[in-house]
Structures are given as structure tokens and as C-alpha cells.
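The values are calculated or read from the model by the stated rules, or taken from the named source; none is laboratory data. It should be emphasised that the depicted structure is a prediction, and the values quoted were computed from it without experimental measurement. A quick note on method: Cβ atoms are made from the backbone with ideal geometry, for glycine too, and the neighbour counts reach across all protein chains shown. Please note that ligands, DNA and RNA were not included when accessible areas were found on the heavy atoms of the full protein model with its side chains. Shrake-Rupley method; radii C 1.70, N 1.55, O 1.52, S 1.80 Å.
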Amino acid sequence: MRKKESTVVIIGGGPAGLTAAYELCKAGRSSVVLERDAALGGLARTVNYKGYRFDIGGHRFFTKVRAVEETWREVLPDGDFLRRKRLSRIYYNKRFFHYPLRASSMLTSLGYRDAALVLLSYLRARLRPRRPEETFEQWVTNRFGRRLYEIFFKTYTEKVWGIPCDEITADWAAQRIKGLSLAVVLKDVLLRRRRASGEGDAGDRGAIVRTLVDEFDYPRLGPGQMWERMAALCEATGRSRVRQGASVERVRWRRGRVESVEVANTDGSRDTIEGAEFISSMPARELVMKLEPRPTPEVLEAAARLRYRDFLTVVLIVNRPELFPDNWIYIHDPEVKLGRIQNFKNWSADMVPDARKSCLGLEYFCFEGDGLWDSSDAELIELGKRELARLGLVRAEEVEDGTVVRMPKAYPVYDSAHKGALATLRRFFDTFENLQLVGRNGLHRYNNQDHSMLTAMLAVRNILGESHDLWAVNADPEYHEESAVTGDDSRATQPRVPERVTAARAVENEA
């Protein structure tokens with residue numbers, strides 16, 4: 001059956017796709033969002049298991065993009081948007097280190113001798129930096145010293161990516177930790193002390209905020225609450241349809257224009273949806289493979305070279321009201337496969353329906369089809385219980401239930417092949433008049449949800465007649481990241497998107 005559903009067809013119902021629909025509603029333009037999964041929010045969804053709610057990775061809401069901040073405030077009322085103090089630690093060598101790093105924690109957990117060796121290693125790296133600076137290992141060592149790199153970067157980063165640090169390009173480090181070094185960390189410690197003593201000035205406070213953020217906002221029922229509410233607002237205007245369980249199987253194009261997409265629905269039916277404009281957050285490799293007719297062998301080969309790191313969360317319900325005070329803990333112990341632990345009750349008490357219980361998310365990084373990915377849910381739950389007990393955090397008998405969520409293509413890999421492959425794909429997609437790529441997987445860039453939202457906002461502005469380079473988002477020189485030690489969320493300062501009109505106001509206008 002052929003349907004001309006809307007003017008703008010949006011592939012993907014994550015933060016980027018839903019933000020595009022939201023912005024189009026405010027501009028009076030119609031759209032249809034096509035989401036393959038039953039849940040909205042993509043990697044930023046919230047899953048509900050027997051009343052226990054949990055994230056796929058833990059998503060802090062912090063941004064320096066004013067338009068993004070305004071949108072979050074428009075969508076969720078203040079009572080549903082909570083301010084949270086951050087507490088996170090690194091587990092290394094059977095000890096805990098506060099992160100962001102604290103001098104007292106470093107001295108207590110490392111000892112004065114090792115702390116002195118870290119400083120000497122850093123000074124050596126500054127005097128004799130490694131050149132050329134092509135890999136993640138070289139980039140980090142030049143800014144932190146070899147010893148700190150081996151303690152706080154190497155093990156965790158290789159868990160996340162599944163490849164040695166000398167095979168990860170410096171591009172990823174430059175994007176994720178630009179502006180941060182051991183000197184900046186130590187300066188931050190001093191500034192925090194000055195602020196606590198009342199000696200710091202406004203400039204000091206600004207420096208702290210720009211580098212190592214210790215507060216964030218969080219939806220009361222998890223990040224999925226934001227995206228579910230945004231979808232509801234879009235549909236309430238009558239200008240947007242959000243279709244879940246709608247998998248785009250073919251993208252038909254001719255002479256630099258996408259004409260339609262073929263959608264497979266969960267009931268077995270298929271639709272052909274036409275549109276004047278198309279926005280896609282589908283993984284770039286997947287999009288290329290679904291094009292009809294097929295692009296040139298060069299483009300197909302470039303798409304095949306893009307790699308993704310997959311992710312699974314083992315969720316355990318623990319029969320204890322309190323476990324540890326952290327929001328999350330990074331596990332740098334090479335003896336366990338576990339990468340990070342989320343304590344969802346410490347993000348929001350409403351994530352756990354029974355105050356006598358706790359809910360943990362154990363995060364494992366893997367490749368689709370490897371031993372971890374193909375393990376049964378029961379095997380993964382048992383693995384999680386064993387590893388928690390090994391770390392001394394929870395006794396196995398305290399775990400009373402669990403579930404597993406698998407998330408394919410969670411992280412675009414920054415290996416030695418990705419840069420050339422992405423350049424080829426960018427040249428190809430730049431020839432399209434009515435197709436824009438947005439979001440983390442659409443652009444194959446390790447964007448966080450605010451940058452993904454910004455790409456969508458600017459894509460809509462392009463449809464409305466402006467001209468913005470979406471590939472430049474999250475590539476500006478003012479970008480700051482907390483650390484590749486943790487792979488934390490980070491934020492850049494970007495131009496404010498003008499002419500704010502809320503979807504709620506649009507609903508009122510329709511009425």
C-alpha cells in the first residue's frame with residue numbers, strides 16, 4: 001500500500017528524531033517518525049521491568065546549548081526534572097578513587113609513592129611528548145603521563161571499545177577530552193578548595209563548571225520520560241505521527257533525491273511512505289545498505305568499513321534498601337568483564353517501586369555475535385552476580401531477580417579505518433538535496449543526547465531555508481569533556497537556535 005504520509009519523513013525515534021519532529025511541529029510543518037523498536041528514545045530510552053525502571057547506560061541532562069536546555073524545560077515540568085548531585089568513583093586495584101579526581105583520594109588510594117611516580121611520569125611526558133600524535137594512547141599519555149594512562153585509561157577504554165588503545169585514533173580523545181589534562185584536573189581541585197573556603201571568584205566558578213561538572217538534571221522516571229512526553233506533545237498538535245514498530249527496509253532515491261521509504265510493520269504489512277524531505281538517525285552503514293538503487297562500490301565499501309561497539313545491561317534487583325552512595329561506578333579491574341555499574345535508585349528514588357529494594361545496571365561492552373552477546377539471559381545474570389560478589393559490592397544470595405537488555409550499535413568505533421570511510425560517505429550524502437543525517441549513529445560521531453538534539457534542530461532550520469553544516473556540531477574548539485577514563489557525557493557551546501515556540505503552545509493554538 002502506498003501512502004503519502006507527510007512532508008518530512010524522520011527515520012529513528014531517539015533524541016535526534018523526536019527533536020526534529022518537535023521543531024517541525026513548532027514551525028507548522030507535518031512529519032512522520034518511524035521507529036523500528038517498540039520503545040522510544042533510542043539509546044536514551046528507559047526500560048520498565050516489573051515496575052523497576054532503568055536506563056541503557058545512565059543519561060545525565062547537562063548542556064551548554066541554550067536551545068536544548070529550553071526544550072528540556074518545555075517538555076517536562078519542574079517537578080519531573082530533578083537536580084542531582086553527582087557521586088561517581090573508579091574501582092581500580094581493589095580500591096575506590098573519587099571521580100572527578102580528588103587529590104586526597106589519589107593520595108589515600110594510590111599512596112604517596114605512586115602519586116609521586118604519577119607526577120614524575122606526567123612531567124616526563126610534558127618534556128618529551130610522543131610524536132606524531134595519532135593514537136588514543138599517544139594523545140592521553142602526552143597529557144596525563146604514561147603511569148596515569150595505564151592506571152585510569154587503558155583498561156577501561158579497551159573494555160569499552162574491544163580494541164587496543166593504540167588502534168583507537170586520537171580523534172576520539174580530541175573530541176571527548178579536549179581541554180582536559182592532569183594540570184587541568186589539579187587546577188580544578190585547587191579551585192574547588194578556594195570556592196569552598198570562600199576565596200574563589202566568579203571566574204573560578206566558571207572554570208569549574210566548564211571542565212568537571214558535579215551536578216546534573218535527571219527526569220524523575222528516567223530519560224525515557226522526556227522522549228515519551230515529547231512524542232505525545234508532537235502527536236497532540238495533529239502535525240506529527242510517531243510510529244513504533246515501523247522498520248525502514250528500503251530507501252528509494254533517484255538523481256540526488258530520496259523519493260520514498262518502504263516500511264515493514266510488526267503486523268507483517270508494508271507501507272511505502274513518500275516525503276519531500278527526509279531526516280535519518282539510522283546508523284550510516286545501515287542506511288547505505290538499504291538504498292535502492294545501490295550506490296557505487298566505493299560507497300558500499302566505505303560503509304562496510306564503519307564499525308560499532310554493542311552494549312548490554314544486566315539489571316539485578318537486590319534485596320537491600322541501600323548498597324553504595326554512588327550514582328555509578330567505573331570498573332577498571334581487568335579480572336572482571338563488567339565495565340560500569342549504575343545504581344538507579346540514586347538517580348531517582350522513583351525508579352525503584354519498592355523502597356526496601358535496590359536496582360543495579362551492570363554494563364558490558366561487546367560486539368554483536370560474540371560470546372557475551374550470544375550468552376543467554378540466565379547466563380548473563382549469573383555472571384553479573386558472580387562479578388558483583390567478586391568486587392565485594394553485593395552477595396549473590398541478595399539478588400532476587402534480573403533481566404537483560406541488549407543494545408546494538410551503541411557506540412560508533414573510532415578505529416584507523418573510520419576517518420577515510422566517513423569522508424567518502426560524507427561526499428556521497430552531500431550530493432542529496434533532501435536527505436540529512438543527524439544524531440550519534442546518523443553521523444557516526446560519539447555525540448551525546450544534547451548534541452544529537454542540536455543536529456536535529458539545525459536540520460529543521462535547513463529545511464526552513466537556513467544553511468547549517470551538521471557535521472560541524474560537536475567539532476568546535478570550545479568542546480570540553482570530562483574524561484575518556486569514563487566515557488562520560490560532555491557538552492559543547494553552540495549557537496542558540498532562535499525563535500522558540502513550544503509544542504505545548506502549538507497545541508493551545510490548534511485548540
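Scanning the range 394-420 for residues that are over 26 Å from Tyr308 (Cα atoms), of a type in the set (A, V, I, L, M) and crowded, with 20+ Cβ neighbours inside 10 Å yields Val394, Val399. Filtering Gln494, Gln449 for residues that are farther than 20 Å from Arg305 by Cα, modelled with pLDDT under 95 and in contact with a Leu (Cβ under 7 Å, 6 or more places away or on another chain) leaves a single hit, Gln494. Looking only at residues in the range 339-363 that are of a type in the set (Gly, Ala, Ser) and open to solvent by 20 Å² or more (accessible area, probe 1.4 Å), the one that is nearest to Leu87 (Cα to Cα) is Ala349. Being without any contact (Cβ under 8 Å) to a residue 40 or more places away in the chain, among the aromatic types (Phe, Trp, Tyr) and out of contact with any Phe, Trp or Tyr (no Cβ under 7 Å at 6 or more places or on another chain) is the filter here; which residues of the range 142-161 pass it? If the condition is that a residue be without any contact (Cβ under 8 Å) to a residue 40 or more places away in the chain, among the aromatic types (Phe, Trp, Tyr) and out of contact with any Phe, Trp or Tyr (no Cβ under 7 Å at 6 or more places or on another chain), then Tyr149 is the only one that fits.
The residues of the range 105-141 that are within 26 Å of Tyr414 (Cβ to Cβ) and either aromatic (Phe, Trp, Tyr) or touching a residue at least 60 places away in the same chain (Cβ under 8 Å) (or both), listed by number, are Tyr122, Phe136, Trp139, Val140. The set of residues from the range 305-337 being hydrophobic (A, V, I, L, M, F, W, C) and over 23 Å from the mean Cα position of the chain (by Cα) comprises Ile317, Val318, Leu323, Phe324, Val336.
Of Asp333, Asp326, all but one fail to be outside any strand (DSSP E or B) and open to solvent by 10 Å² or more (accessible area, probe 1.4 Å); the exception is Asp333.
Is it true that Ala423 is open to solvent by 10 Å² or more (accessible area, probe 1.4 Å), modelled with pLDDT under 95 and among the hydrophobic types (A, V, I, L, M, F, W, C)? Against the criterion (open to solvent by 10 Å² or more (accessible area, probe 1.4 Å), modelled with pLDDT under 95 and among the hydrophobic types (A, V, I, L, M, F, W, C)), Ala423 does not qualify.
Pull up the range 325-339, narrow it to residues that are charged (D, E, K, R) and over 23 Å from Glu215 (Cα atoms), then point me to the one that is modelled with the highest pLDDT.
In this case the residue turns out to be Lys337.
Do we have Gly275 as open to solvent by less than 50 Å² (accessible area, probe 1.4 Å) and closer than 21 Å to Ile463 by Cβ here? Judged against the criteria, Gly275 is a match.
A search for C-beta distances below 7 Å between a residue of the range 70-84 that is on the phi < 0 side of the Ramachandran plot and any residue that is open to solvent by 60 Å² or more (accessible area, probe 1.4 Å), counting only pairs 6+ apart in sequence or on different chains, returns Val75/Arg229; Leu76/Arg229; Asp80/Arg220; Leu82/Arg220; Arg83/Glu215; Arg84/Glu215. The residue that is most open to solvent (accessible area, probe 1.4 Å), counting only those in the range 278-305 that are part of a loop (DSSP other than H, G, I, E, B) and farther than 23 Å from Leu464 by Cα, is Arg294. The criterion of at least 3 residues that are under 14 Å from Leu435 (Cβ atoms) is met by the following strands (runs of 3 or more DSSP E) wholly inside the range 230-276: 246-254, 257-265.
Taken over the range 399-415, the criterion of being in a strand (DSSP E or B), out of contact with any Asp or Glu (no Cβ under 8 Å at 6 or more places or on another chain) and among the hydrophobic types (A, V, I, L, M, F, W, C) is satisfied by Val399, Val405.
Among the conditions (1) open to solvent by 70 Å² or more (accessible area, probe 1.4 Å); (2) more than 23 Å from the chain's Cα centre (by Cα); (3) touching a residue at least 24 places away in the same chain (Cβ under 8 Å), Asp267 misses just one, which is (3).
A count restricted to the range 351-367 and to residues that are within 23 Å of Trp161 (Cβ to Cβ) and in a loop (DSSP other than H, G, I, E, B) stands at 1. Take the conditions (1) surrounded by fewer than 17 Cβ atoms within 10 Å (Cβ to Cβ); (2) in a helix (DSSP H, G or I); Ala20 misses just one of them, which is (1).
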